[in-house]
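One structure is given below, encoded as structure tokens.
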Amino acid sequence: MKSLFIIVLTIISFNVVNAQKLNKFGKIMIDEIPPVPDHRIERVDGVYKVFNDSLSFDGNSFYRLPDGYITSLEVADDKKDFIKRYDLKGKLLVTILSDRIINLKISEKANYLAFYNTQNIIHINLNNYKVDTLNGSHVFEFVENEKIIYFNPECNKINFNKQQIEVEEYPYQFIDYNGKILVITEKHIYALAGNKLTEEYTFEGNFFDAKIISKEFFFVDKTEKRKTERFTLYKTSDFSKIIIADILDDLNR
């Protein structure tokens, strides 16, 4: 692994320098007032509905697109889940049915969507509705101009840009950050370049959480000793310098 510096700040400086904190569960908490939702979800006569201004849609999840809306119904019962696409006037254009819809994602420019159906990743072009069935898991992400990166546990390989990259550890998360595609596993953070993984960070304990906030990359390292656990929040912009932003343990919980 390339050399790096970890800067340790005092507990006092946590309160002054860093707005980002850890919540009582060790997850990254954003210190800002959340925006007021522009929609509400209700169950009407046993049916989930989404209400946005004067429009109503079917489903219990809501996504706004440049040219309309997408809703989905994701429930744990014997009925089929669905994805519905509407135009800006609320007219239903397309319905997609699936036994399960897990981890639904829409690409940045809304040209593609993908979800896991417990067996495969279903990748759909929202311009022509071409469907690709990918041999992967629920671990996938849209990166680099709406390309999809995903993990196939059957062969322990990451699939990206028509390449297969072997990985020894199960990826937990893919993040497109600062011109790099980061691959996060339980023990490491790697940067993907071509068909190779370059180690950027090794966790003292285990990976617990990660977020991009105000163009900085934050991640949580969870360590356990006997019956105690400690969560350390780090931030970095390029991994050459890593700063401790917050610490949560039994002393300050």
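The values are calculated or read from the model by the stated rules, or taken from the named source; none is laboratory data. What you see is a predicted model, and the numbers here were worked out from it, not measured in a lab. Because the Cβ atoms are built from the backbone with ideal geometry, glycine has one as well, and the counts that use them run over all protein chains shown.
Of all residues in region 135-153, those satisfying the criterion of being aliphatic (A, V, I, L, M) and part of a strand (DSSP E or B) are V143, I148, I149.
The sole residue among K109, K79 that is among the charged types (D, E, K, R) and at pLDDT 90 or above is K109.
Per the conditions (1) in contact (Cβ under 8 Å) with a residue 24 or more places away in the chain; (2) under 19 Å from Y234 (Cβ atoms), the sole criterion not satisfied by I124 is (2). The set of residues in region 107-142 being over 17 Å from F160 (Cα atoms) and β-branched (V, I, T) consists of T118, V131.
Taken residue by residue, region 93-102 has at least one member that is under 17 Å from the mean Cα position of the chain (by Cα), in a strand (DSSP E or B) and surrounded by 12 or more Cβ atoms within 10 Å (Cβ to Cβ).
Checked against (1) of a type in the set (G, A, S); (2) assigned to a strand (DSSP E or B); (3) exposed (fewer than 13 other Cβ atoms within 10 Å of the Cβ), A76 passes all but a single condition, namely (2). Looking only at region 154-173, which residues are over 21 Å from F203 (Cβ atoms) and outside any strand (DSSP E or B)? Listed by number, the residues that qualify are E154, C155, N161, K162. Of all residues in region 98-129, those being basic (K, R) and within 20 Å of P66 (Cα to Cα) number 2. Scan region 225-232 and tell me whether some residue there is over 17 Å from Y190 (Cβ atoms), modelled with pLDDT of 95 or more, part of a strand (DSSP E or B) and among the polar types (S, T, N, Q). Yes - at least one qualifying residue is present in region 225-232. Taking first residues from region 141-156 that are surrounded by 13 or more Cβ atoms within 10 Å (Cβ to Cβ) and partners that are in a strand (DSSP E or B) and among the basic types (K, R), the Cβ contacts under 9 Å between residues at least 6 apart in sequence or on separate chains come to E141/K105; F142/K105; I148/K105; F151/K157. Considering D246, D221, D176, the condition of being outside any loop (DSSP other than H, G, I, E, B), charged (D, E, K, R) and in contact with a helix residue (DSSP H, G or I) (Cβ under 6 Å, 6 or more places away or on another chain) is satisfied by D246 alone. Candidates in region 24-47 are the residues that are surrounded by 13 or more Cβ atoms within 10 Å (Cβ to Cβ) and assigned to a loop (DSSP other than H, G, I, E, B); of these, the one that is modelled with the lowest pLDDT is I30. Please find, within region 208-218, the residue that is farthest from N178 (Cα to Cα) out of those that are assigned to a strand (DSSP E or B) and either acidic (D, E) or without any contact (Cβ under 8 Å) to a residue 40 or more places away in the chain (or both). It comes out as D209.
One residue stands out in region 230-253 among those that are among the acidic types (D, E) and surrounded by fewer than 16 Cβ atoms within 10 Å (Cβ to Cβ): the one that is nearest to K211 (Cα to Cα), namely D238.
Among K227, K196, which is the only one that is out of contact with any strand residue (DSSP E or B) (no Cβ under 9 Å at 6 or more places or on another chain), surrounded by fewer than 18 Cβ atoms within 10 Å (Cβ to Cβ) and free of Cβ contacts under 8 Å to residues at least 40 places away in the same chain? Just one listed residue meets the conditions, K227.
Taking the numbered list (1) of a type outside the set (S, T, Y); (2) under 30 Å from N195 (Cβ atoms); (3) in a loop (DSSP other than H, G, I, E, B) in turn, D132 passes all entries but (3). Can you find a residue in region 48-58 that is in a loop (DSSP other than H, G, I, E, B), aromatic (F, W, Y) and either under 28 Å from F219 (Cα atoms) or at pLDDT below 95 (or both)? Scanning region 48-58, I find no residue that is in a loop (DSSP other than H, G, I, E, B), aromatic (F, W, Y) and either under 28 Å from F219 (Cα atoms) or at pLDDT below 95 (or both), so the answer is no.
When residues in region 167-193 are screened for being crowded, with 21+ Cβ neighbours inside 10 Å and among the hydrophobic types (A, V, I, L, M, F, W, C), 7 of them pass.
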